[in-house]
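Here is the structure we will look at.
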Amino acid sequence: MASTSSFTVGSRAGSKPKSTKLLEVLNALEEDESGHSREEIFIAPPDNASGDFTDEDSGDEDGRRGSHLPGSILHAFVVPEDSGTEEEEDLSPATKRQKVMVEPQRIWTKRDIRPDFSSWTASDPHIEDLRSQELSPVGLFELFFDEGTINFIVNETNRYAWQKNVNLGLTAQELKCVLGILILSGYISYPRRRMFWETSPDSHHHLVADAIRRDRFELIFSYLHFADNTELDESDRFAKVRPLIVRMNRNFQKHAPLEEFYSFGESMCEYFGHRGSKQLRAGKPTRLGYKIWCGTTSRGYLVWFEPSQGTLFTKSHRGLDLGGSMVVKFVDALQERGCLPYHIFFNKVFTSVKLMSILRKKGVKATGTVREYKTERCPLKDPKELKKMKKGSFDYKVDESEEIIVCRWHDSSMVNICSNAVGIEPVGLTGHHRGAAKTRTQVHQPSLVKLYQEKVGGVSRMDQNIAKYKVKIRGMKWYSSFIGYIIDAALNNAWQLHRICSHDAQVDLLAFRRYVACVYLESNADMSSQGRRSRRLETESRFDMIGHWIVHQDKRTRCALCHSQTNTRCEKCQKGVHAKCFREYHIR
């Protein structure tokens, strides 16, 4: 195995792809401080990602680093943030000029926008139903990792093990133990995952050790599988996880809060764990991992996601670049719940006047910052001229035919913003720090800028929540970290629903994840040696005052305190207990 990975670095049209090494790529980007365009490194699955060999581990996770993976397993691309579609890059200059001439000339007028969208009046009966059910954190998490999804993973894992002549015999109970350990690794992590089972007093974790044996966990984790290898789509680089992506997208959309405002943006599933993100000087972040297109609510609930495969494997919507095409796909997914006047916010990577026009025809409102060359020659004041004016000054024009506004606002820097639904009025005031003394002054702010700043951060909020306690246990399969990302996204969504639906005191994200991990590990523990541990589990868990929820049970059992019949139980202790006995049982 080579000492460092071989990477394919993509460049602009006309240049030849260059093979280089990971550290050389990072060093080159760090040393280049002259450019102002942001560049990202993102990792794509191997060209033959549907091949059987990519299921095999490349070695012991604890003994290797991500930068030592073989080049056959790993590819990376350095791409400019504003890279267009492959189809556009292949066009000759004459063809491009001809294509531009075909586009109708827009007529820009100095006036405010007059949108004709209907107002938002939709209610959300599904959320009201969830409120009435009073689901615990485990119940909310299992809206996404439901019984069908668990059984699907169990069946595909057993099938893959059988194809390798191994009788794994995985059960849903064992899979939940594995999920519990993965979730727990987000807030309790060791340099080596086997330390969970060590008998040494400084590392032994009895909750993990009592739930499943170490060798059994390692065996299950090595055969974990999410697709039938005999039915893979070779044109899809994510075919090995495509069935899981489809299931999770369906569940995310089914239980998503029905809201007017949504954000669309890019997320990164880091491939190299804690070494997968590296800050470059001159404010240029370079993140290593799989790029994922994400559509979220304004609070950060993930509604729809799709891992990026580049322009070679993704068909773009006519007239749009890859980013704009992904926005249209997200809108199509939203409209499966009804053609409502949703309002989507995104940044300059996606925004164009063409995209605003397409979304307007779909009955969807949209607002986003935009690059000047995507404004279709909107005649705004020159940035140099506007910069000489006082901060808060702005210029704007509206396309007469389609009611699309483009505004240039002078803040700390020039901000170009485009919308098909929100205009300039009412012009508000916003605080602005100026000078070395950082004195705070009030400057004018157009209405569309204010609304954009309030609603665009959904994807960033989701990323922040995932990054806090993300799954730390990773295998060496190329899609291993992506599975951890899906688990983290499901937990984030479950927690968002908890914040919306909870009538009582809400728990924070850490307490929420701890509850799910503890219930999965205690409720699904291997019962073969339960006799020697049952008393210890009861004394340690029953009185810890952490994560005990009373839930309904179909079959009546005896209350653990008063011994009369009850149809409720403590979900964590797995003991029948009346609501009136609940508090006393956990403190006696």
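The values are calculated or read from the model by the stated rules, or taken from the named source; none is laboratory data. Fair warning: this is a prediction, and the values are worked out from it, not measured in the lab. Backbone-built Cβ (ideal geometry, glycine too); neighbour counts: all protein chains shown. All accessible areas refer to the heavy atoms of the entire protein, side chains included, with ligands and DNA or RNA removed. Shrake-Rupley method; radii C 1.70, N 1.55, O 1.52, S 1.80 Å.
One residue is enough: does region 152-165 have a residue meeting the conditions outside any helix (DSSP H, G or I) and either under 22 Å from Arg569 (Cβ atoms) or open to solvent by 50 Å² or more (accessible area, probe 1.4 Å) (or both)?
Step one: list which residues in region 152-165 are outside any helix (DSSP H, G or I), which gives 164-165.
Then drop every residue that is not either under 22 Å from Arg569 (Cβ atoms) or open to solvent by 50 Å² or more (accessible area, probe 1.4 Å) (or both), which leaves 164-165.
Yes, region 152-165 has at least one match.
Out of (1) open to solvent by less than 30 Å² (accessible area, probe 1.4 Å); (2) assigned to a loop (DSSP other than H, G, I, E, B), the odd one out for Gly169 is which?
Of the numbered conditions (1) open to solvent by less than 30 Å² (accessible area, probe 1.4 Å); (2) assigned to a loop (DSSP other than H, G, I, E, B), the odd one out for Gly169 is (1).
Among the listed residues Val443, Val398, Val456, identify the single one that is in contact (Cβ under 8 Å) with a residue 24 or more places away in the chain and under 30 Å from Ile292 (Cβ atoms). Walk me through it before giving the result.
Values: Val443 fails: under 30 Å from Ile292 (Cβ atoms); Val398 fails: under 30 Å from Ile292 (Cβ atoms).
Selected residue: Val456, the only one of Val443, Val398, Val456 that is in contact (Cβ under 8 Å) with a residue 24 or more places away in the chain and under 30 Å from Ile292 (Cβ atoms).
Table: residues versus (1) closer than 27 Å to Trp120 by Cα; (2) in a helix (DSSP H, G or I).
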{"residue": "Thr230", "(1), (2)": "no, yes"}
{"residue": "Ser235", "(1), (2)": "no, no"}
{"residue": "Ala239", "(1), (2)": "no, no"}
{"residue": "Ile245", "(1), (2)": "no, yes"}
{"residue": "Arg250", "(1), (2)": "yes, yes"}
{"residue": "Gln253", "(1), (2)": "yes, yes"}
{"residue": "Gly265", "(1), (2)": "yes, no"}
{"residue": "Met268", "(1), (2)": "no, no"}
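Can we say Gly283 is modelled with pLDDT under 85 and under 16 Å from Ile466 (Cα atoms)?
Details: modelled with pLDDT under 85: yes; under 16 Å from Ile466 (Cα atoms): no.
So Gly283 does not fit the description; no.
Could you list, in sequence order, all residues of region 565-588 that are more than 23 Å from Ala517 (Cβ to Cβ), assigned to a loop (DSSP other than H, G, I, E, B) and under 38 Å from the mean Cα position of the chain (by Cα)?
Selection gives Ala579 alone.
State all residues of region 230-254 that are of a type in the set (D, E, K, R), surrounded by fewer than 18 Cβ atoms within 10 Å (Cβ to Cβ) and under 18 Å from Asn492 (Cβ atoms); if no residue qualifies, say none.
Of everything in region 230-254, those that are of a type in the set (D, E, K, R), surrounded by fewer than 18 Cβ atoms within 10 Å (Cβ to Cβ) and under 18 Å from Asn492 (Cβ atoms) turn out to be Arg250, Lys254.
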